[in-house]
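What follows draws every value from the coordinates through simple rules; no lab data is involved. Keep in mind the model is a prediction, meaning the values are calculated, not measured. Cβ: placed from backbone, ideal geometry, glycine included. Neighbour counts: every protein chain shown.
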Amino acid sequence: MGRSFNHQFMPTWSEDAGSLKAEGATVFALCQLGGCPTRTVDLDRVIAKQGPRFSFWDRRPACPKPGCDGWVTFMTIRPGGSWQIQMNDAPPGAAEVLHQRWKASLPADVRDKLPLAPMLSASGKYLVLACGECGVGPVYAGAVQAAVWRGMSTDQVLETMRAQCRGAGCSLAADLVDGGLVPEDDR
Ligand SMILES: [Zn+2]
Ligand SMILES: [Zn+2]
């Protein structure tokens, strides 16, 4: 028998800041050491700073109170909700999918330095590569194809592929696109 009964139920509306906001939910931050005030999280501020895909599940940031060595976990309740959902101890692997989906939503200059394959597999997005100079692409790579670049970031993939490109003025570029924008034959 597993320990699955110990894991929290993860409703869709609790998955990320944008969904919590749309649901009208309230998010609280609690220090695990006690004695620190429970804070209400400003969702608008989190969304402005991190984007709507930011997830609170299984995050344990340091307590912001000066001098406190504790860490914070998050809980939420939606309007009319009869119980609070502790957003820790997510089902195995579930929070990681949310965190990877968030990473895939970050601005390209940040996102392209992070490992590519897990982002693609969590978000359903594809990497599209093209070089006008060399007549390459567009070439699409989804989670399955990207598995060969294990551990590599988009920037590292680009660097490797540029070395294989023909043109002296190679302009190979990459972006992440939604699966729906990928031609059916390339999925
Ligand atoms: Zn504290
Ligand atoms: Zn090129």
Test: Trp57 is touching a residue at least 40 places away in the same chain (Cβ under 8 Å), out of contact with any Lys or Arg (no Cβ under 6 Å at 6 or more places or on another chain) and either surrounded by fewer than 16 Cβ atoms within 10 Å (Cβ to Cβ) or part of a helix (DSSP H, G or I) (or both): no
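Here's the yes/no breakdown for (1) in contact with an Asp or Glu (Cβ under 9 Å, 6 or more places away or on another chain); (2) exposed (fewer than 15 other Cβ atoms within 10 Å of the Cβ):
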position	(1), (2)
Asn88	yes, no
Pro92	no, yes
Leu114	no, no
Tyr126	yes, no
Glu133	no, yes
Could you give me the residue pairs with C-beta distances under 9 Å whose first residue belongs to the range 70-86 and is assigned to a loop (DSSP other than H, G, I, E, B), whose second residue is away from ligand 1 (no atom under 16 Å from the Cβ) and among the aromatic types (Phe, Trp, Tyr) wherever it lies, and which are 6+ apart or on separate chains? Arg78/Trp13
Boolean, Leu30 is within 30 Å of Ala173 (Cβ to Cβ), among the hydrophobic types (A, V, I, L, M, F, W, C) and touching a residue at least 40 places away in the same chain (Cβ under 8 Å): no
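When you look at Val46, is it aliphatic (A, V, I, L, M), over 23 Å from Asp175 (Cβ atoms), in contact with a helix residue (DSSP H, G or I) (Cβ under 6 Å, 6 or more places away or on another chain) and assigned to a helix (DSSP H, G or I), yes or no?
yes
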